Every structure is written in structure tokens, then in C-alpha cells.
2 protein chains.
Amino acid sequence: MSKHVVVIGAVALGPKAACRFKRLEPHSKVTLIDQCPRISYGGCGIPYFVSGEVNSVTELQSTPYHIIRDAEFFRTNKDVDVLTETRATRIDRAAKTVEILNVATGKTDTLHYDKLVLAMGSKANLPPFAGMDLKGITPATNLEEAEMLRDAAASGSVDKCVIVGAGFIGLEMAVAFADMWGIETTVIELQDQVLPGFLSKSMAQMALHDLEDKGVTVLLGESVKAFEGEDGTVTRVVTNKRTIEADLVVLSAGVSPNTALAREAGIDCDTRGAIIVNEFMQTNDPDIYSGGDCVTIPHLVTGKPGYFPLGSMANRQGRVIGTNLADGKATFPGAVGGWVVKLFEQSACGAGLTIESALKEGYDAISVHVEQFDRAHFFPEKALMSLELVVDKPTRRVLGIQGMSELGDALTARINAVVPLLKAHATVDEVSNLEVVYSPPFASAMDIVNAVANVTENVLEGRNHMVSPSQFATLWANRDAEDIFFIDTRLAPNAVPYVEKYPDAWHSIPNEEIRNRIAEIPAGKSVVVVCNTGLRSYEAMLLLNELGVKDVKSAAGGMVAQKKLGSGI
Amino acid sequence: MSKHVVVIGAVALGPKAACRFKRLEPHSKVTLIDQCPRISYGGCGIPYFVSGEVNSVTELQSTPYHIIRDAEFFRTNKDVDVLTETRATRIDRAAKTVEILNVATGKTDTLHYDKLVLAMGSKANLPPFAGMDLKGITPATNLEEAEMLRDAAASGSVDKCVIVGAGFIGLEMAVAFADMWGIETTVIELQDQVLPGFLSKSMAQMALHDLEDKGVTVLLGESVKAFEGEDGTVTRVVTNKRTIEADLVVLSAGVSPNTALAREAGIDCDTRGAIIVNEFMQTNDPDIYSGGDCVTIPHLVTGKPGYFPLGSMANRQGRVIGTNLADGKATFPGAVGGWVVKLFEQSACGAGLTIESALKEGYDAISVHVEQFDRAHFFPEKALMSLELVVDKPTRRVLGIQGMSELGDALTARINAVVPLLKAHATVDEVSNLEVVYSPPFASAMDIVNAVANVTENVLEGRNHMVSPSQFATLWANRDAEDIFFIDTRLAPNAVPYVEKYPDAWHSIPNEEIRNRIAEIPAGKSVVVVCNTGLRSYEAMLLLNELGVKDVKSAAGGMVAQKKLGSGI
């Protein structure tokens, strides 16, 4: 039976649902409406347009073969009617109508629907700072804002840029401004780390080091109080700690579901304002579907409602909705929250919970950090990858994994491999045996993803006692107060520069000499052993334990992790 | 309780099991024996040593921090006794002894064991060709052979190299000789494709094109009959079709378990000679463990016994054995057969069954090939990835996935993501919704791994009718005999060069013009539609179906796949 489907919102999920439905039911009618003039674009590409890596904004709107996905394209190629510059102002669920307003002409109209799709996406969080109305302050969520930012950067008139929020978009924008345009860039983050909620303290410190190393100033634990300007344009950002000069301010303090229209129509939402949908992406009104940045879906690690505003979610959910509009029974079970972000030299990637979020969720969790080459160590092109695995102690269940590497694709190869295990509530032992494709140019014979699980098993079973990279850095920084005996267990030539630099505190006892030099270790002191990556120091710890030195901890990730942290040791 | 563990074989699994066990039971004794002088090396790295990418053979024997893993290293650092140049000649299970022979001195001895590990690995298949005893003919399985090959290549005395067998090692060696040393290289393969059993016809054709494009001659469906030489050195290879000049011959016709010793001791083996082990990697003698290239383990897709001679398997299984030697209960459930190989421009990767092997196994299987950019199409650095998904029609179960791409790490990121789903006997719908990490520098919003499943769903549901890339190439090549109407559905400028080249056979009707130009399609003819990658031609097919043209097939992977095949269209 032919029907009329109305889709509100035409960026990612809306067009996907519309086109999938039309392919299944070519004789039905779809009307896609959007309040902006331009539709169906890759919003996640905005930082790469601002940076200049993407030449023109139309590339974000185009198919892979350079056809612009405008209203005409949808009409001709997809037989989908598109109303741009058209805002949905009210949904009447009883009458099954949507009231619309043409924002250019002011004309109103009413559309009848058989099925409705809510794809309004999200909107940038805009905290109520004083001076928010000054020119030069903008989020980076749509093409108009993207063009403003690119034009400003390209004009040469921006010397100093301030970015509010060190989440994904904030950091991508920082890279865009600092790397590609050489603009003095400052990121202000309320929390005490970058990518809060997505990286552990150690990993966040590594990300921070990568940013700072390329000249980005990152102010953590600092909150914006007001913006100040001259002649109506921003010139300063006032925080709780200082005043910073700024020609341009990007607001990237997260996004919230853009669902006022739905709430007013009595669609069930959670406290965040995200629309509640079932596994068919159906709202409490069975004729109304929603997905993408509008909705909450199950977090498959915690089992609780999750919020995953990602273009990939929108696309996959859009297809599910398109199928179900055509009376299909496609489902979307939820997500474990996989993500990846390219910084300067490093990329960061993860899925599931960090150690901090796992503890906050009430898990009796531990996390283990390893550093290892991402392919056979004898292969010439390679990078040292960092991986951190988060595991629930009592059940041995894997709760999350995060990583950092110069070779981002290789990192995604490990995180993607673990995603299905997170979803399946697999144990650490399954990650130990996880099959990942192997040959020397792509992986190690004992790959890092297996290795991080092996080390975690050893920790769970009480054989390996570790301090995380950030804990090691802190212990070392506070070494005058801490009663710790530090041993560098590498071969002497590696340790010598450190012994020379810290003659009283850094002790060189290579693994090979521990048996003979055990008397050098003062009785009753806590011992911390460190090597290049943590492999030798683990064996040193076992040997020390065997020789009666019981209070020994091994520095996870060794000196490689310290270098990535920028701990300055 | 302290025990004595004897490990026969000290390349990959043996040292791993020995060291893991010693870490768990430092007071027990381990004796590691190997008939070669050098031990604990990365045998998979041999092609990269022969190519020169790895400078020295000691790098294959070293830890990541350049310490050579020789007998002294194991004694000092691992407290493991090592007997090199020592061959195990007989196992007496009743007496729990191993008779050993020092191959250098001829001295014999007997070792008592409490637990025994069989880690003899595999040996190269050496078919009984005439002339096998000529100099210059060698497998590439150990360091001595590797050095001979590298020295020969580096000496400049080798102009022509023949490689027998187009499996992983054969192709890696072909790349080593042709790419790095500029040696005229010919690969002879008995079967009618490269990487038989690992790639479909289309994918194998792509791999072949990559090899041929770089000057490697590949002779398929051809068998070696004899080697001929002068002065005791090989000069010619005689096949069933021709005689080829050769200064050097590499034998890479697969490997077989090196288990004569075990069979003589009454250890249960399969018909291939692979030792049968339980999930604890225990043989029929509970005091004897085995793993790696010696054993058969379950193929987790077919449920049948599988054989996976890979260094990664050996390492993971070695750890399991080490744990169980110390009275642990670690298990190794089997494998889905993931693999990856770097060719010239392209890398190939896969897991599970190919379409051909699935059909041979009795599955009512189909496979679907897609071409798509491996990251956001607007991102500057990207590659067109090929993926092929193999699915069981009645159950919708995913049986395998294979791929090809210039950016190998990005390819492994997709194959690794599907491996756990193969193991879990997941359906194609789960691959449609598979969560892979996303941001524009790493993936598409609708990623290729989701897309290949979406297309497969459409094929299973009878909405999409496809011809594979190799089928399209064949249909086109036989176009005079086939009664097919070919339509290029791209925008006219893309199609024009083909219409000019093939004025009678290549028809340009862009999607946008199909409704108006439907009369140009002759009634009753089979129609094949083609575009760049298969996206537009799918929509063209749907539209043609809607307009009453029923016998339409879409060319999977479009012209991109044809280019990768080197079909010359």
C-alpha cells in the first residue's frame, strides 16, 4: 500500500531513511524537510573543511563521484521530494500532520503523514556566558558556521583562536587551526583532562602531550566566565583563572538532542531530552520513528540508556528506519560507543568504558596499559601503540579498550576487533585468544591486543602488580616524599643517561644482574621497576618476588609510555 | 610441585610455552631442544629479510630492543635450559623419556620429562620432482635457507627466479625478489588462481593483476615436471607447458606438520599428519602437549578440523600450553582462519570461507563484492577498498570475508571486526549493524563493512541481482556470443570514452535519464548495468525493474573493480 512518509531533518539519518524506504517502496511518497538551504552533508567533515584538507564545502555535500546531493538530486535520482529552508513547527499526532514554515518566505503549510521520521539531530550546547552574542563566537555544527570559520582562518585576520571544550570536535578544530593555519590556539576544558569520559588519565595525558607538543595551549580544569569584545566582535575570553586574547572562539562544549518539537508533541524523551525508541527505532507513537543524534539507545556494556551522537550511528539507524517504514522488522540493538579521533602525530581510539567511567558505574574494575609495536618489531615501518584494557575483576568481563598510536588505521584494527567482544560481554581470556589477522607487515605474532589481555590476566591473578603510566610519572615527580626505590631494569647503556641525570634516585640493575645484586635493594622499601615497555620489568618483578622482595610494582608501558606522556623524566 | 618440562622445538610455540611456564612455576625446570643452531626467530619475517627490508637475520632472532634470543639469553633471562643442534630421535611415553642426538657431535642422551611439549612446527612440502637435488633449489622455511636466498639475490648472480606455489610465502617471496632486487620472477601455480582457497576468483584476479603489473610472471594451472641444471646447479624449470630459465628456485608448495616423531610414539594424528589435541592443547597422552604448525584445531566456521600454520597461532597456543603445564585450565577454542598478505600496491586479507570453499563445504552460499572508499570520500588520503562477504543463504549466516586494498591496515580493521562474528555464527544483519569506530579520517559514515552486508541483504531478499567482477569481465569479453545489453549508468562524461571505444556494445544511459530513455532498451534482452562502484547501477536496476525491464543485473564493484582486475575494458 502506498503511503506518505514525512522526514524532518535532512543531514544524515533523514536522507538515509528516505532513500532506503523509497528503494523498498518506489510507489510511496517521501517528503524530506530541512530548515537549512543545504542538506545531506557530512557534518563530521567540518573540521577538515575548516583546516583546508577538504577544499570546498560542496565536497561535504557530494557523492563519492562529485554529484552534489541537493534537492534536485534527491528529486531526480531518488524520487524524494525535498523542502529546504522549511521548519517543522508542530506535530499533530492525532491528525497525523506536521505544520511547516518556510523560513525564507514566511509561508506556512500542513503536511499529512502516514509515517513520520524525526531526524532533527543535535544542537551545540551553548552555555549562558556573558558576551555570547559577540561576533566571532560560533559552534561548528553546520555548513554556514563551517564557512565562517574557514573564511576567518583563510583571511589571515585570525591570530588567536580559543576553543571551548576538549571533546572530539574541540580537538579536531584545534588541530585544524594550529596545524593547518598556524593560528595560536588555546583549548579550555572544564574537566581535568582532554576527551573526558573517553580516555583514562594516562591516555589523556598522552593526547595532551601531542597537542602541546604542536603548540596548542590546553587549559584544564578551567571554566569560561564571559566573552568580551570591541565593536561587537570578540577580543577576549575570561575564565575563572585568567583572561585570554581571542579573535575567534569555537564553542564545542558537547551537543544535546534537538527534540523540542518531539517533546511538544508528547513523544517520550529521557531527562537529557533524547527520544526514547524501541529496537525498531520506533518512538512511543508507533507511526513515528527517530534515530541518530535525537535518540537514546542502549549502551551495550552497561545495559543503561546511552547517547551516541555519531554520523555512523545515524547512517546505520537510518537504514533500519527505512526498512521498517516499508513494514520490515530491522532492529538496532544499541552500541558500545566506539570512537576514533585524529590529533597531530597521534590518533586516539576506543570503545566501551574507561577505567574512570567503569568505577563510576560501580564496577570493581581495573585497567592495564601496554606499549608494543603495532607490527613485527623487525619490520621497518612501525609505530609503538598504546592500549589500555578495562576489565571487571569479579567476572573478568571486558568493559572497555582505549588506545593511542601514530598509525591510526592500525589502531582501529585492534579496537574494532574488540568491539564485538564488548557487545558479547566476553571475558579477558577471550581477548587473550582473540584472532587478529597476522603477517609481519600488519601485526605481531603475539599481537598487542592479545598482549594487553595477557598482562591483564596476570594482574587479575595477582602475578603482576603495576602502576599506570600517569601513576609512575606522579610517583617519580613526588620521589622525595615517597619512600620508593626505583630500578631501571634495562641493559645498562639504556639506563646510564638516567642514572647520570638522577644519581641518587635512579638505579640501574638489569634483569640479568638482579640475582647477583639483590643486596643493593634496601630492605623494607617499596620497589618500582621500569624498562622500555614493561616486558622486562615484569620479569624483573617476578624474579625479585622469588628472591624475597615482595613489594614490587612494574611501570606499565615503561619509558615509552613516559615519553608519550611527556613526563619529562 | 617442581617438575621437568621438555620442549621439542624452539622457534615460536616452544619458547613461548617454556617461558610462560617458567614465569608461573619459577622453581620447575624446562629444557628446550632444537636441531638447529639458531632458535626463537620470526620465521614469518623471512621474506622481509630476503627482500632486504630487514637488514640482518639477527633481527628476526632479537627482542624488540635488540637482544638476541640465543641459548644464553634463555638461560640468563628466562632460566630455561636450551640444547641447540639437538634432535629428538625417540619419545618413550611409558618411561617418559626423550632420546636426543647432538647433530654436531653425534653424542646421544636421554632426557626424562614430567610434561612434554611437541613444537616441531611444519616442514615444506617437497614434491618428488626430478632434479630436486640441484643447487639453487630451496624452500624458505628456516634461517639457513633465508640466508642462502638473500646472499644469492644480493650477489647479483641471480637474473631469473622461479617460485613454485602461489600461496602466502610464494607471493611474499615473489615481491621480495621482483620489487626489492629487480629479479625477473616467475610464479608457477598448479591451481587456476593465486592464493587458492583464500580468495575468490574476482579477488584472486585482482591480486594477480597487482603482481603482473609489477612485472611478475604468474603461470596458473601449470605444474612443475622437473628441474634441470648444469654443473649441479639449477638452470631450467620444466613444466607441463614449457621450460623456463632459472638461476634460483624457491619451493613454496605449502607446508605439512613435522610430526613423524609424534606418530612413532603413538600420538594421535589426522590424515594430514597433524596432531590431534583437545581444547587444552593436550594430545591423547595427557602429559604431552602440542600446538602451532604441528596440530589440527577446530575450524570455527565449518566446525571441522582445521590446519592454521601461522606464527600468531603458535604464540597464542604456546601461552595456553605454558599455563596448562603449570596446572592451569586455559583453552584454545579454534580459529576462523584470518590471514593477511602484503603484495605490491595491494594487500589482501580475509577470514573464514571464500565463496568457492563455502560451496565445496556444501553451504548454499552466495558472495557479494563491493568497492568503496575506506574512509570519508571527501578525506584527501584514501583508497578504494574491495570487500567480499560470503553468506549462507538459508540461515543468513556469515561464512567468510575477504578484501583487497592499497591501505592494508585499514583493510585489517574491517576483517578483524568481522572475525568475532564469524566465530559467533552471526548473521549478515549483524554485519549490517556492526559497530566500527568512525571519524572521517578512518571510516565512512556508512562504512564499507556495513555496506557489503547491506548489499548482501538486498541480494538475499531478491532486490539486487549482481554479477561478480570476474563474471562481468567474462560476459564483456564474450559479448559477441552473449545476448546482453550493457548500460553504463554513470553521468555521460564518464561513459563517453567507453562508448567511443565500443560504439556498438557500450551504451550510456545515466540514472537520471532512464525514465525518459527506457525505449532505447531492446525488449527481451538481458541487461547488465555498470557504474563506478555499483551504487548507481543498483538504483538503475531498481528503476528498470519498476519500469518493466525485469532481467537486469548490476555489475558488482563497477568499473573500479574492473580496473583492479585489469580486465582491460
Per-residue Cβ counts within 10 Å, from other chains only, averaged over B:445-458: what number is that?
3
List the distances, in nm and shortest first, from the label point of A:Ile518 to the matching label points in every other copy, placing each point 7 Å from Cα along the Cα-to-Cβ direction.
8.9
Could you give the semi-axes, largest first, of the ellipsoid that matches the stretch A:346-451, computed as the square roots of 5 times the alpha carbon gyration tensor eigenvalues and rounded to whole Å?
24, 14, 10
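Could you compute how much accessible area chains A and B hide from each other, both sides summed, with a 1.4 Å probe? Nearest 100 Å² is fine. Each step should come with its number before you reach the end.
Numbers: alone 24340 and 24350 Å², together 41150 Å².
Buried area between the two chains comes out at roughly 7500 Å².
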If you average 1/r over all unlike Cα pairs in the stretch A:196-271 and invert the result, what Kirkwood radius do you get in angstrom?
16.0
Going Cα to Cα from A:Lys360, which aspartates and glutamates come in below 18 Å? Please leave out same-chain ones fewer than 8 positions away.
A:Asp192, A:Glu388, A:Asp392
At the level of C-alpha centres, the distance separating the stretch A:162-193 and the stretch B:145-190, in angstrom, is 50
Could you tell me whether the stretch A:137-253 comes out rounded, prolate or oblate from its Cα gyration tensor? Rule is a ≥ b ≥ c as square roots of the eigenvalues, rounded for a/c under 1.5, then prolate if a/b exceeds b/c, otherwise oblate.
prolate
Dipole magnitude of the protein assembly as shown about its Cα centre, charges +1 at Lys/Arg Cβ and -1 at Asp/Glu Cβ only, in debye to the nearest 20?
2000
Can you list the trypsin sites (Lys or Arg not before Pro) in the stretch A:1-66 that are in a DSSP coil and have 10 or fewer other beta carbons within 10 angstrom?
none
Given the stretch A:466-565, report the % of alpha carbon pairs whose separation exceeds 22 Å.
18
Area projected by the alpha carbon convex hull of the stretch B:238-287, averaged over all directions, nm²:
6.1
Cβ-derived FRET efficiency at R0 45 Å, B:Lys214 paired with B:Ala492, nearest 0.05
0.85
In whole Å, what is the distance between the alpha-carbon centres of the stretch B:17-31 and the stretch A:371-424?
27
FRET efficiency (A:Glu99, A:Ile67; Cβ distance; R0 25 Å; to 0.05) is 0.15
Could you tell me whether the stretch A:324-398 comes out rounded, prolate or oblate from its Cα gyration tensor? Rule is a ≥ b ≥ c as square roots of the eigenvalues, rounded for a/c under 1.5, then prolate if a/b exceeds b/c, otherwise oblate.
oblate
If you fit an axis through the alpha-carbon atoms of helix A:13-24 and take the longest principal axis of the Cα set of chain A, what angle between them do you get, 0 to 90°, nearest 10?
60
0 to 90° range, to nearest 10: angle between helix A:535-546 axis and chain A longest Cα axis:
50
Per residue of A:40-46, count partner chain C-beta atoms within 10 Å of its C-beta, then hand back the mean as an integer.
4
What nm distances, shortest first, do you get from the label point of B:Asp213 to those in the other copies when the point sits 7 angstrom along Cα to Cβ?
3.4
For A:Lys304 the rounded accessible area (nearest 10 Å², probe 1.4 Å, non-protein molecules ignored) is 100
Can you give the angle from 0 to 90° between the axis of helix A:143-155 and the longest principal axis of chain A, with both taken from C-alpha atoms, to the nearest 10?
60
Calculated [θ] (222 nm, deg cm²/dmol) that DSSP helices of n ≥ 4 give over chain B, each run adding -39,500 (n - 2.57)
-8000 deg cm²/dmol
In nm, one decimal, shortest first: how far is the label point of B:Asp268 (7 Å from Cα along Cα to beta carbon) from the matching points in the other copies?
5.5
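Once the other residues with Cβ under 15 Å from the Cβ of B:Arg396 are scored (Lys, Arg +1; Asp, Glu -1), what is the net sum?
With Lys, Arg at +1 and Asp, Glu at -1, the neighbours total -2.
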Using the per-residue mean of other Cβ atoms lying within 10 Å as a proxy for protection, in what order, highest first, do the peptides A:147-158, B:435-446 fall?
B:435-446, A:147-158
Quick one: Cα centre-to-centre distance for the stretch B:54-98 and the stretch A:474-510, in angstrom?
32
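Among the trypsin sites (Lys or Arg not before Pro) within the stretch A:247-349, which fall in a DSSP loop and have no more than 10 other Cβ atoms within 10 Å of their own Cβ?
A:Lys329
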Could you work out how far apart the two model spin labels at A:Asn55 and A:Ala130 are, taking each label as a point 7 Å from the Cα in the direction of the beta carbon, and quote it in nm?
4.7
For the stretch B:466-565, the accessible surface attributable to carbon and sulfur atoms (probe 1.4 angstrom, ligands and nucleic acids excluded) amounts in percent to 53
Distance cut-off 28 Å, Cα to Cα: go down the list A:Lys201/A:Lys241; A:Lys22/A:Lys329; A:Lys329/B:Lys304; A:Lys553/B:Lys16 and report the pairs above it.
A:Lys329/B:Lys304
Taking chain B on its own, what percent of its Cα-Cα pair distances exceed 44 Å?
26
Evaluate the Debye formula for the protein assembly as shown with equal point scatterers sitting on the alpha carbons, no solvent, and hand back log10 of I(q)/I(0) at q = 0.06, 0.09, 0.10 Å⁻¹, in q order, two decimals.
-0.52, -1.14, -1.35
With a 1.4 Å probe and all protein chains left in place, how much accessible area per residue does chain B have, in Å²?
36
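Quick one: ranking A:Thr58, B:Thr474 by accessible area, 1.4 Å probe, largest first, what do you get?
The residues order as B:Thr474, A:Thr58, largest area first.
Let me check against my output: what whole-number percent is the relative contact order of chain B, with C-alpha pairs under 8 Å and at least 6 apart?
11
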Per the Debye formula with a single identical scatterer at each Cα and no solvent contribution, what log10 I(q)/I(0) holds for the stretch A:38-159 at q = 0.20, 0.22 Å⁻¹?
-1.24, -1.31
Only Lys, Arg (+1) and Asp, Glu (-1) charged, at Cβ; the stretch B:137-253 dipole about Cα centre in debye:
420
Of A:Lys393/A:Lys564; B:Lys3/B:Lys423; B:Lys160/B:Lys563; B:Lys342/B:Lys393; A:Lys135/A:Lys225, which ones are farther than 26 Å apart at the Cα?
A:Lys393/A:Lys564; B:Lys3/B:Lys423; B:Lys160/B:Lys563; B:Lys342/B:Lys393
Under a straight-distance cross-link criterion of Cα-Cα below 14 Å, which aspartates and glutamates are reachable from B:Lys78, leaving out those fewer than 8 residues away in the same chain?
A:Glu512, A:Glu513, A:Glu539, A:Glu546, B:Glu25, B:Asp70
Using the Cα centre of the stretch A:466-565 as origin and beta-carbon charges of +1 (Lys, Arg) and -1 (Asp, Glu), tell me which of A:Ser537, A:Asn494, A:Pro469 is placed farthest towards the positive end of the dipole.
A:Pro469
Gyration tensor verdict on the stretch B:458-522 (Cα atoms; rounded if a/c is under 1.5, prolate if a/b is larger than b/c, oblate otherwise)
oblate
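The values are calculated or read from the model by the stated rules, or taken from the named source; none is laboratory data. Since we're looking at a predicted model, the values are computed, not measured. Heads up, the Cβs are rebuilt from the backbone with ideal geometry, glycines too, and the neighbour counts pull from every protein chain shown. Calculation scope for accessible area: heavy atoms of the full protein, side chains included, ligands and nucleic acids excluded. Shrake-Rupley method; radii C 1.70, N 1.55, O 1.52, S 1.80 Å.
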